[in-house]
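Heads up: the structure comes next, in structure tokens.
The values are calculated or read from the model by the stated rules, or taken from the named source; none is laboratory data. Please read these numbers as outputs of a predicted model, since none were measured by experiment. Glycine also receives a Cβ, built like all others from the backbone with ideal geometry; neighbour counts cover every protein chain displayed. Just the protein is used for accessible areas: all its heavy atoms, side chains included, with ligands, DNA and RNA removed. Shrake-Rupley method; radii C 1.70, N 1.55, O 1.52, S 1.80 Å.
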Amino acid sequence: MASEIRLIHLATGNAHKVQEMQRLANESGLALEIVVAKKMPPVEEDTGTFIGNARKKALALKATLPADAWVLADDSGVCVEALGGEPGVESAYYAGPQGDSAANLRKLTDVMRGVPAEKRAAYFFCVLVLIGPDGAEHGFEGRCNGVLAPEPRGGAGFGYDPLFIPDGFAHTYAQLSELDKNKISHRGRAFAGMAAWLKASALA
Ligand code: IMP
């Protein structure tokens, strides 16, 4: 019988991401500790796909840890239909290599200025890659469809949150509480898929 996972190393140097993943684990009822990578090796996110980038981050961290470690990596972004799916996998660097999220938000707002409501469809996408001691890779995807608001609205969240109105809502991601966002967000849905798999596999 598989033994339960107690701890997952997250392939990021970003403490905010660890907190968010820990909250998702708690909300999914998983007794798991998510820890930040002590030494996340530098990884160029250059594969051109969400899954490719997530795998690259997970494998890079896995190689630095003891063989029995579980590693999780994510990659995500916003895909705008009128822009042929851009910024997509390049979401973090849309306004330049420095990865300035305020500049990214400004750029997307400007690029979409004047585009009519019926052409403002967009979706957020997230891929999670989990690698266990046996080296097997498990991928989980989450998507949240919506539209882009004409101007940024709301002060919560991060990145493109103020511009994105999820389907079925009148408010942007940045106007939702973290708990409400997690229930419907791309990352929340990918995490729910992973949580269901862990439970079904008696790993959590
Ligand atoms: P990464 O997954 O850390 O590579 O980040 C991808 C980029 O997509 C982030 O820098 C944000 O700009 C954007 N992004 C991903 N998820 C979200 C979200 O939930 N809200 C707002 N922006 C997001």
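Just a few scattered comments:
- The listed residues are Ala117, Ala103, and the only one of them that is within 11 Å of the ligand (Cβ to nearest atom), more than 22 Å from Gln22 (Cα to Cα) and either modelled with pLDDT under 95 or open to solvent by 10 Å² or more (accessible area, probe 1.4 Å) (or both) turns out to be Ala103.
- Neighbours by Cβ (under 8 Å, 6+ apart or cross-chain): first from the range 175-190, modelled with pLDDT of 95 or more; second β-branched (Val, Ile, Thr) and open to solvent by less than 20 Å² (accessible area, probe 1.4 Å): Ala190/Val127
- Test for Leu24: is it within 22 Å of Pro166 (Cα to Cα) and either in contact with a helix residue (DSSP H, G or I) (Cβ under 6 Å, 6 or more places away or on another chain) or small (Gly, Ala, Ser) (or both): yes
- On inspection, Ala60 passes the criterion of being free of Cβ contacts under 8 Å to residues at least 60 places away in the same chain and either assigned to a helix (DSSP H, G or I) or within 9 Å of the ligand (Cβ to nearest atom) (or both).
- Lone qualifier among Leu179, Leu198 - being surrounded by fewer than 16 Cβ atoms within 10 Å (Cβ to Cβ) and either within 14 Å of the ligand (Cβ to nearest atom) or part of a helix (DSSP H, G or I) (or both): Leu179
- Looking across the range 13-34 at every residue that is closer than 15 Å to Ala69 by Cα and open to solvent by less than 70 Å² (accessible area, probe 1.4 Å), the one that is farthest from the ligand (Cβ to nearest atom) is identified as Leu32.
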